[in-house]
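The values are calculated or read from the model by the stated rules, or taken from the named source; none is laboratory data. None of these values were measured; they are calculated from a predicted model. Cβ placement follows ideal geometry from the backbone for every residue including glycine, while neighbour counts extend to all protein chains displayed. Ligands, DNA and RNA are stripped out before the accessible areas are found, and what is left, the full protein with its side chains, is counted by its heavy atoms. Shrake-Rupley method; radii C 1.70, N 1.55, O 1.52, S 1.80 Å.
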Amino acid sequence: MAILVQNKTKRRQCVSETVSSCNWRLLVLLLLVIPVVNNLSSGASLSVYFQNEFEVAAAAVAVNVSSLQAVVDDWGREPFPRGHQQQLGQEPIVRRMLFGIFTYDSPNEHLLRQTNRAALWRVFKNRAARGGSGSLGGGGYDDENIMDSLTANNTNENVVCTLSELMQNETLARSTVSCRFVFTFVMGGGDAGNQAMRTKLTQKANDFNAGRKGTEAKKKEEKDFINFGMKPRTRCLYEDPECGGIDLGKWVIPDPADGSNASEVWKSELDRHRSDTTILGVPENHQLGKTDTWFTYASMLTRWRPDLGIDFVGKMDGDNSMRFHTLARFLIEKRDDINAHPYVHGGWVVPRNQCQRPSWGRVCAGSEFIAPLFVTGAISYLSTPLAQSVYLDGTTLEQKQDVWIGLEDVQVSNMAYSNPKIDPGEILVLNHRGRPKPDITEHCSNKPSCLRQKYCKAYPGLFPELCER
């Protein structure tokens, strides 16, 4: 929903004021607009003229119910404080987290996605249907109070949601209970270019060791190739005109490009499950910038769509199972620290003095690694303010291009510490490593059968059709 409002000076004054002084104005606007939205059919448009506290003489309201854009389009382009649900006078039990599940086009990955679909999207829905009782396999934890509080008064029964569900349902977006964990499968679907470039792409993907073991000249050559030589881009950064610049709609595509070499299996899968997949406009790649592209897109989404109330953006590997209740408990335990720190980086942490050793392949021993630690790829996330700072306009395009190491998980932490205006000590690290069992995530080394077993163990009796095979 795009709202073009006159007298922008007055409106922006409210944005720059404290949240409490503007809440009631926003609520007045919502009360005026939302009933109109709910009664419009898809694609309808209406011009509405009204007087309000902003002294706005007229407003043209263009409504597209199928996409349910931000409450006020221009507001989405302003810096927006973290935790929008508190601004509405509500206190979420667990902050909302958006995870891109990284996957690619292969028969084995297809099985992993199918296993994830059988588990991820239905954990809380099935539990609510069973009356909210029964053990969820907490391994010694009393997790019932956590799950009951998450599902209490939740008529939508959607504590776990797909990204498209959240974007298309305003009730879910505004709820402090629904959609605590938001997921989308992330794949590259862009044209890989001509055959020569595809060959180069494959060579680079198979030989990313140059990024950690090569000479300084070799590392610079790789960085320049990633940022400028690769046509089309495999690493898209904010404001890069070849990637869509700051136009959010140009960063994703509805279907794989003709030159993406998408398999018939994936195309058929998308016919049935398009709504749970985000197709990035870059060619599918592992170590050549797909991760930075996803985090940039997710950060832009939090800026352009503040109504979604996303507090963390992250990624997880498709062969990892997640214990939702354990992650929820961890976040509740850390809530005071999280509330006190706008900049947060979380996951299973490896300090630099460990990852620069031979036992870790010296992955962070080079000068191109600028962070004090890195978070492994099983699950890695940044708070929205930190993500917006390092992936959007907290640094220049040139600064972002200069921060590069050809290892995707190491690169996320590299970017997390890439804004020189943020002291490393200001970043709160939520370390999953060393906490009491059970682990928040468990790695299955690309084995769908292992992934199924992990979910069955974590949620016994919840998926008989999945677990009784």
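Taking segment 377-408 as the range and being open to solvent by 10 Å² or more (accessible area, probe 1.4 Å), under 18 Å from the mean Cα position of the chain (by Cα) and at pLDDT 95 or above as the test, the residues that pass are Thr384, Pro385, Gln388, Ser389.
Considering only residues in segment 174-189 that are small (Gly, Ala, Ser) and open to solvent by less than 10 Å² (accessible area, probe 1.4 Å), the one that is nearest to Phe295 (Cα to Cα) turns out to be Gly188.
For Asn227, the criteria (1) touching a Gly at 6+ places or on another chain (Cβ under 8 Å); (2) closer than 22 Å to Glu398 by Cα; (3) open to solvent by less than 20 Å² (accessible area, probe 1.4 Å) hold in every case but one, which is (1).
The residue of segment 445-460 that is most open to solvent (accessible area, probe 1.4 Å), among those that are within 13 Å of Glu109 (Cα to Cα) and in contact with a helix residue (DSSP H, G or I) (Cβ under 9 Å, 6 or more places away or on another chain), is Lys447. Being among the hydrophobic types (A, V, I, L, M, F, W, C), assigned to a loop (DSSP other than H, G, I, E, B), at pLDDT below 95 and in contact with a His (Cβ under 9 Å, 6 or more places away or on another chain) is a condition met by at least one residue of segment 439-450. Per the listing Asp337, Asp271, Asp311, Asp258, the residue uniquely over 15 Å from Leu430 (Cβ atoms), touching a residue at least 12 places away in the same chain (Cβ under 8 Å) and of a type in the set (Asp, Glu) is Asp258. Total residues in segment 99-113 satisfying the condition of being under 19 Å from Gly189 (Cβ atoms) and in a helix (DSSP H, G or I): the figure is 6.
Right, Ile370: within 21 Å of the chain's Cα centre (by Cα) and modelled with pLDDT of 95 or more or not?
Working: within 21 Å of the chain's Cα centre (by Cα): no; modelled with pLDDT of 95 or more: yes.
It is false that Ile370 is within 21 Å of the chain's Cα centre (by Cα) and modelled with pLDDT of 95 or more.
For segment 232-246, which positions are within 14 Å of Lys290 (Cα to Cα) and part of a loop (DSSP other than H, G, I, E, B)?
Keep residues of segment 232-246 that are within 14 Å of Lys290 (Cα to Cα), which gives 232-238, 243.
Scanning segment 232-246 gives Pro232, Arg233, Thr234, Arg235, Cys236, Leu237, Tyr238.
Within segment 234-245, does at least one residue satisfy the condition of being basic (Lys, Arg), at pLDDT 90 or above and touching an Asp or Glu at 6+ places or on another chain (Cβ under 7 Å)?
Initially, segment 234-245 is screened for residues basic (Lys, Arg), giving 235.
Now narrow it down to the ones that are at pLDDT 90 or above: 235.
Keeping just the survivors that are touching an Asp or Glu at 6+ places or on another chain (Cβ under 7 Å) gives 235.
Yes, that holds for at least one residue.
Please work out if Ser413 is open to solvent by less than 20 Å² (accessible area, probe 1.4 Å), of a type in the set (Gly, Ala, Ser), within 19 Å of Met97 (Cβ to Cβ) and in contact with a helix residue (DSSP H, G or I) (Cβ under 6 Å, 6 or more places away or on another chain). Reasoning before the result, please.
Numbers: open to solvent by less than 20 Å² (accessible area, probe 1.4 Å): yes; of a type in the set (Gly, Ala, Ser): yes; within 19 Å of Met97 (Cβ to Cβ): yes; in contact with a helix residue (DSSP H, G or I) (Cβ under 6 Å, 6 or more places away or on another chain): no.
Taking the combined requirement at face value, the residue does not satisfy it.
Can you spot a residue in segment 352-370 that is at negative phi and in contact with a His (Cβ under 6 Å, 6 or more places away or on another chain)? Within segment 352-370, not a single residue is at negative phi and in contact with a His (Cβ under 6 Å, 6 or more places away or on another chain).
Residue by residue, here is whether (1) buried (at least 17 other Cβ atoms within 10 Å of the Cβ); (2) modelled with pLDDT under 60; (3) within 20 Å of Arg272 (Cα to Cα) holds:
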position: Glu109; (1), (2), (3): yes, no, yes
position: Leu112; (1), (2), (3): yes, no, yes
position: Ala118; (1), (2), (3): no, no, yes
position: Asn126; (1), (2), (3): no, yes, no
position: Gly134; (1), (2), (3): no, yes, no
position: Asp148; (1), (2), (3): no, yes, no
position: Asn154; (1), (2), (3): yes, yes, no
position: Asn158; (1), (2), (3): yes, no, no
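Does Lys218 count as more than 23 Å from the chain's Cα centre (by Cα), free of Cβ contacts under 8 Å to residues at least 24 places away in the same chain and closer than 20 Å to Glu109 by Cβ? No, not satisfied.
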